[in-house]
Amino acid sequence: MASVLISAAHKSSGKTILSIGISAALSHRGMRVQTFKKGPDYIDTMWLSRASKRNCYNLDFWTQTKGEIVSLFEKRTRDAAMCIIEGNKGLYDGLSEDGRDNSAALAKLLKVPVILTLDTRGTIRGVAPLILGYQQFDPAVKIAGVILNLVGGDRHAAKLTAAIERYTDVPVLGIVQRNRKLELVERYLGLMPSNEDPLADEHMAGISRAVEEQVNLDHVAAIADSALAPESAADEPPGHTQHYGLRIAFARDEAFGFYYADDLDTFSRLGVKLLPFDTLRDSRLPEADALFIGGGFPEKNMHRLSANAHMLRAVREAIENGMPAYAECGGLMYLCNSIRVDSEKCAMAGVIDADCEMHEKPAGRGYTTLQKNPRHLWSGPSRQSLPGHEFHYSTLTNLAEDYDYSFEVKRGFGIDGKNDGIRYKNLLACYTHQRNTERNPWIPDFLNFIKSRT
């Protein structure tokens, strides 16, 4: 499979914009492009999915085994002509000091060449030793080309190119000038999600045109052709052959859109019909056996959410009447009594007896480790640590003291630094985002619970 990993020397170098632009430009040429995102990011995957017109999949050492990463990669590239993997942070940056979980490790695992995106602001000749250092730091990583980003003009471009050609053997694949049209709106958790941006397609088209004009896409494709086949992958996670025959209503709109593509695929493989509903416009829920409200940005849409009293009532009544339900992060916030941002406060569903308050600094941000406790709603306790992640700038205030929790937090913050997974009737609501993997088969657990209640 023709594949390439697009990385950078440090975060905020423009690798997301360039990954989006390259994917969109190649797709516009008629090429079947499959995109991946290294790490747990939901927002970049939305943009990459839009660019390629195919679901983008996350590859993450924290939640997945190496075998699962290779298996997912192989499966999703079978009918594609080109694979674009966007790294996260810098090429050699990760949690582990030995580098086993960074983007370079992913490139080595999947045997794909790397294209470095370089932020050239404030540098000229110094770009050469940077490239040489990145090559020499780990010779097993094939740095096959660079794209010079945020270039200050033709004179700057000429000096950069001359230094690279004189001192290195790495080809320059593109020179991307500074251009405000290549910027997407950013906020505390990264880019604005594409499902919230009313001009997403217009922005995508502009980025695609700029990349087409300034990046040698034929050279990028030629580098991708040098990728080798990774070693054989592991089997599917357990429990993927049972047919449950269930219907689950799940929130999908501008306020809620944080779902892993492979998790949604797993629901479908297990015989679950996913029924999307719109918390901003619909007045009632679809006829379903259970409810799933994922993450998103309800605080950015709180006035519209609050104004849709019919949907708030429908969700509240469904849960109060015993419908099995699962909510993550933004979904948890939606189920509280209210959301407060600064001096503004909007009423929410009122299922969870607490108020949600936004802060300027994150309360929980990064990877988490959970341990099931004996009061877990779906199944009994497990000795195995469950990997997840959280991204929230909110905390719960005025929280009722009589709630049981399903998880003990071993790493991260969760609800209160110690617990996560509020239990209420047949609802499980947590700040942690879960992903269905060998170490955390949460989807079969949830479906078995639904079956036990229907």
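For segment 25-38, a residue qualifies if it is crowded, with 24+ Cβ neighbours inside 10 Å and either in contact (Cβ under 8 Å) with a residue 60 or more places away in the chain or among the small types (Gly, Ala, Ser) (or both), and the qualifying residues are Leu26, Lys38. Residues that are among the hydroxyl-bearing types (Ser, Thr, Tyr) and either in a helix (DSSP H, G or I) or surrounded by fewer than 24 Cβ atoms within 10 Å (Cβ to Cβ) (or both) within segment 1-24 comprise Ser12, Ser13, Thr16, Ser19, Ser23, listed in sequence order.
Taken over segment 366-406, residues that are free of Cβ contacts under 8 Å to residues at least 40 places away in the same chain and in a strand (DSSP E or B) amount to 6.
Restricting the first member to segment 261-279 and to residues that are of a type in the set (Val, Ile, Thr), and the second to residues that are modelled with pLDDT under 95 and outside any helix (DSSP H, G or I), the beta-carbon pairs closer than 7 Å and six or more apart or on different chains are Thr266/His240.
Asn448 passes every criterion in (1) over 30 Å from Arg269 (Cα atoms); (2) not in a loop (DSSP other than H, G, I, E, B) apart from (1).
Quick check on segment 329-353: of everything there that is of a type in the set (Val, Ile, Thr) and in a strand (DSSP E or B), which residue is farthest from Arg435 (Cα to Cα)? First the steps, then the outcome.
Of all residues in segment 329-353, those of a type in the set (Val, Ile, Thr) come to 339, 341, 351-352.
Imposing the further condition that a residue be in a strand (DSSP E or B) reduces the set to 339, 341, 352.
Details: Ile339: 26, Val341: 29, Ile352: 23 Å.
Per the stated criteria, the residue is Val341.
Candidates are the residues of segment 142-162 that are within 19 Å of His219 (Cβ to Cβ) and under 27 Å from the mean Cα position of the chain (by Cα); the one that is surrounded by the fewest Cβ atoms within 10 Å (Cβ to Cβ) is Lys142.
With the structure loaded, tell me whether Tyr92 is assigned to a helix (DSSP H, G or I), aromatic (Phe, Trp, Tyr) and closer than 19 Å to Ser7 by Cα or whether it fails that test. For Tyr92, the condition - assigned to a helix (DSSP H, G or I), aromatic (Phe, Trp, Tyr) and closer than 19 Å to Ser7 by Cα - is not met. Summed over segment 274-296, residues that are touching a strand residue (DSSP E or B) at 6+ places or on another chain (Cβ under 9 Å) and surrounded by 15 or more Cβ atoms within 10 Å (Cβ to Cβ) total 16. Applying the condition of being among the charged types (D, E, K, R) and touching a strand residue (DSSP E or B) at 6+ places or on another chain (Cβ under 6 Å) to segment 297-353 and asking which residue is surrounded by the most Cβ atoms within 10 Å (Cβ to Cβ) yields Glu328. Across segment 313-328, the qualifying residues are those that are among the aliphatic types (A, V, I, L, M) and not in a helix (DSSP H, G or I), and the one among them that is farthest from the chain's Cα centre (by Cα) is Met323.
Please verify whether segment 69-89 includes one or more residues that are part of a loop (DSSP other than H, G, I, E, B), at positive phi and either touching a Gly at 6+ places or on another chain (Cβ under 8 Å) or at pLDDT below 95 (or both). Taking every residue of segment 69-89 in turn, at least one turns out to be part of a loop (DSSP other than H, G, I, E, B), at positive phi and either touching a Gly at 6+ places or on another chain (Cβ under 8 Å) or at pLDDT below 95 (or both). Within the bounds of segment 283-303, is there any residue that is more than 30 Å from Leu95 (Cβ to Cβ) and touching a Gly at 6+ places or on another chain (Cβ under 6 Å)? Within segment 283-303, none of the residues are more than 30 Å from Leu95 (Cβ to Cβ) and touching a Gly at 6+ places or on another chain (Cβ under 6 Å).
The values are calculated or read from the model by the stated rules, or taken from the named source; none is laboratory data. Computed from a predicted model, the values in this text were never measured in an experiment. Glycine gets a Cβ as well: all are built from the backbone with ideal geometry, and neighbour counts include every protein chain shown.
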